[in-house]
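Worksheet: one structure, shown below.
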Amino acid sequence: MKQTRLLAVLLLLLLFLVAQRAVVAWPFTAEQYQPVYSSQNGWYFSISASKSDGGELDGGYGAVIEAKVAPATGAPAWKANGSISVYIDNVDYTITVKVLYINPSTGLGAWRVLDTVTGSTYSEAPSNFQVYVPTKDVEYRKYYSWTLPSSGDYPAKVRVEFSISASGSANPALTSGYATVGGGC
């Protein structure tokens, strides 16, 4: 009876091992949007955004977890003539990667911290907009990658927790109309 139960657990675990091979990604962003008008030319508008969140991914032997952190700017609404510059002068972040390891012999699992990284990045120069541009990341991206082990306790799930914050400014130079600019990370 005990051997049958153990065999059933091992078969379920084997099915789980085969089915969970890839790690999928999802975007996390923190952005602030600012409407600007031609009457506000020459004004500098502060942009600041922050967020703490997390999520779980499927793991698997040899799965790769990747993270990218970057300043983000854009002009997601545009009904104007002229231009706007947006500068993100600071992005701070912390990323913690936790893995649920399952012991193949017992079927018992435990969460363990794989790694925690902290850092900062910024824009190299202001982004200048004269038309609609969706908010997207700009230069000075920071990349991180972790590869889960290919043997031993099975890395079944990955939990990624993060906190990000960004600050910067927007400066309109519009001749007419209005626009919305965004910045963050």
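Figures for the structure shown
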item: Segments 137-149, 70-82 sorted - mean Cβ within 10 Å per residue, highest first; result: 70-82, 137-149
item: Helix 2-19 vs. the chain, principal-axis angle (Cα, 0 to 90°, nearest 10); result: 30
item: Calculated [θ] (222 nm, deg cm²/dmol) that DSSP helices of n ≥ 4 give over the chain, each run adding -39,500 (n - 2.57); result: -3500 deg cm²/dmol
item: Stokes-Einstein diffusion coefficient of the chain, Kirkwood radius over Cα pairs, 20 °C, 1.002 mPa s, in µm²/s; result: 114
item: Cα-centred dipole magnitude for region 28-149, charges only on beta-carbon of K, R (+1) and D, E (-1), debye, nearest 20; result: 100
item: Accessible area in square angstrom per residue, the chain, 1.4 angstrom probe; result: 54
item: For THR29, solvent-accessible area (1.4 Å; no DNA, RNA or ligand), Å²; result: 70
item: Region 52-167: Lys pairs at Cα distance under 22 angstrom, eight or more positions apart or on different chains; result: 7
item: Selection from TRP111, VAL69, ASN41 lying farthest towards where the dipole of the chain points positive, charges on Cβ; result: TRP111
item: Hz values of 3J(HN,Hα) by residue in region 103-119 - Karplus curve (6.51, -1.76, 1.60), Gly and Pro given as x; result: 6, x, 6, 10, x, 8, x, 8, 7, 9, 6, 7, 6, 10, 10, 10, x
item: Those residues of region 159-185 whose amide nitrogen sits under 19 Å from the label point placed on THR94, 7 Å along Cα→Cβ; result: 159-167, 185
item: Interchain or long-range residues, amide H under 5 Å from GLY59's placed H; result: LYS157, VAL158
item: Label-to-label distance, nm, for residues given as ASN128 and SER176 (7 Å Cα→Cβ offset); result: 2.2
item: Relative intensity, log₁₀ I(q)/I(0), of region 32-136 from a Debye sum that treats every alpha carbon as a point, q = 0.14, 0.17, 0.18 Å⁻¹; result: -0.72, -0.90, -0.96
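The values are calculated or read from the model by the stated rules, or taken from the named source; none is laboratory data. As the structure is a computational prediction, the values presented were derived from the model and not from experiment. Positions of Cβ are backbone-derived with ideal geometry, glycine not excepted, and every protein chain shown enters the neighbour counts. Side chains included, ligands, DNA and RNA excluded: accessible areas come from the protein's heavy atoms. Shrake-Rupley method; radii C 1.70, N 1.55, O 1.52, S 1.80 Å.
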